[in-house]
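What follows is one structure encoded as structure tokens, with my remarks underneath.
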Amino acid sequence: MNIIILISSPAGGKGTISRYIEEKYHYKHISTGNLLRNEIKNNTDIGKKIKGSMKKGKLVDDNIIKEILEKELSNINSNIVLDGIPRTINQAKILDELDKKYNNFKITKVIYIEIDKDVAQSRAVSRLVCPNCNRTYSKDDILCNKCNIKLVSRNDDSEEIFLDRYDRFIKETRPLLEYYKDKIVTIYNNNDVEDAYLEVDKILKGDE
Ligand code: AMP
């Protein structure tokens with residue numbers, strides 16, 4: 001299994017670009033945010049534990065992240081695009097342990113999606129998501145074009161929570177750029193997402 005890691009600020013486009021990689025290059029998209037939201041939706045024991053901190057945009061405990069990720073990985077045999085993990089150096093070390101534990105698990109590329117803070121902020125406060133498949137939409141959309149159900153706002157997409165999450169991104173997640181300096185490739189997502197897709201194509205040329 002080849003693993004691509006996507007790193008970006010909140011609302012940087014990780015979900016949208018992951019879906020592109022999933023659809024075009026047949027990587028399986030794993031989003032820890034989506035896995036956690038599903039735990040909450042299904043009212044599982046984990047869901048009950050994390051509900052409060054997720055609503056406030058706080059990071060969920062590493063042991064829970066490791067547990068849900070390993071459970072998900074055990075069902076997958078294809079290449080994977082990881083969205084939302086690692087978020088800290090400690091989580092990068094957890095992935096390194098998995099790399100050692102499963103000899104077919106190889107982090108091949110780390111893509112940093114660079115976006116200006118004000119662009120990310122305006123996307124966060126105006127985005128809508130499908131409560132079923134978690135696809136992201138802009139505020140002008142009403143229904144998910146895949147599930148045909150009404151889009152909703154995420155409860156952690158307020159301006160206040162965005163700013164808090166952004167600060168944490170700077171302090172805890174951005175140091176990963178140094179950690180992965182041998183593998184990192186940067187793409188830009190300030191403008192039309194189609195431009196970012198073209199950059200992804202250059203990086204993944206040959207993986208189709
Ligand atoms: P996301 O969908 O990636 O924006 O994540 C939404 C929320 O899920 C975050 O604000 C955290 O509360 C939680 N979360 C997602 N991934 C992680 C992770 N790797 N570690 C800790 N918390 C996470």
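Give me the distance between the Cα centres of the stretch 149-208 and the stretch 1-38, rounded to whole Å. So the separation of the two Cα centres works out to 10 Å.
Give me D for the stretch 1-48 in µm² s⁻¹, whole number, from Stokes-Einstein with Rh from the Kirkwood sum over alpha-carbon pairs, 37 °C and 0.692 mPa s.
Values: Rh = 12.1 Å.
Translational D for this selection: 272 µm²/s.
Descending by average beta-carbon neighbour count within 10 Å, the peptides 13-19, 193-199 line up as 13-19, 193-199, the highest first.
Taking the square roots of 5 times each eigenvalue of the Cα gyration tensor of the stretch 62-194, largest first, gives ellipsoid semi-axes of 28, 20, 15 Å.
Tell me which chymotrypsin sites (Phe, Trp or Tyr not before Pro) from the stretch 98-165 have a DSSP coil assignment and no more than 10 other beta carbons within 10 Å of their own.
On the way: sites: TYR102, PHE105, TYR112, TYR137, PHE162; in loops: TYR102, PHE105.
Sparse-neighbourhood loop chymotrypsin sites (Phe, Trp or Tyr not before Pro): none present.
Average projection, convex hull of the Cα set of the stretch 1-103: 6.5 square nanometres.
Quick note: the coordinates plus some simple rules give every number you see, no bench work behind them. What you see is a predicted model; the values in this text were computed from it and never measured. Because the Cβ atoms are built from the backbone with ideal geometry, glycine has one as well, and the counts that use them run over all protein chains shown.
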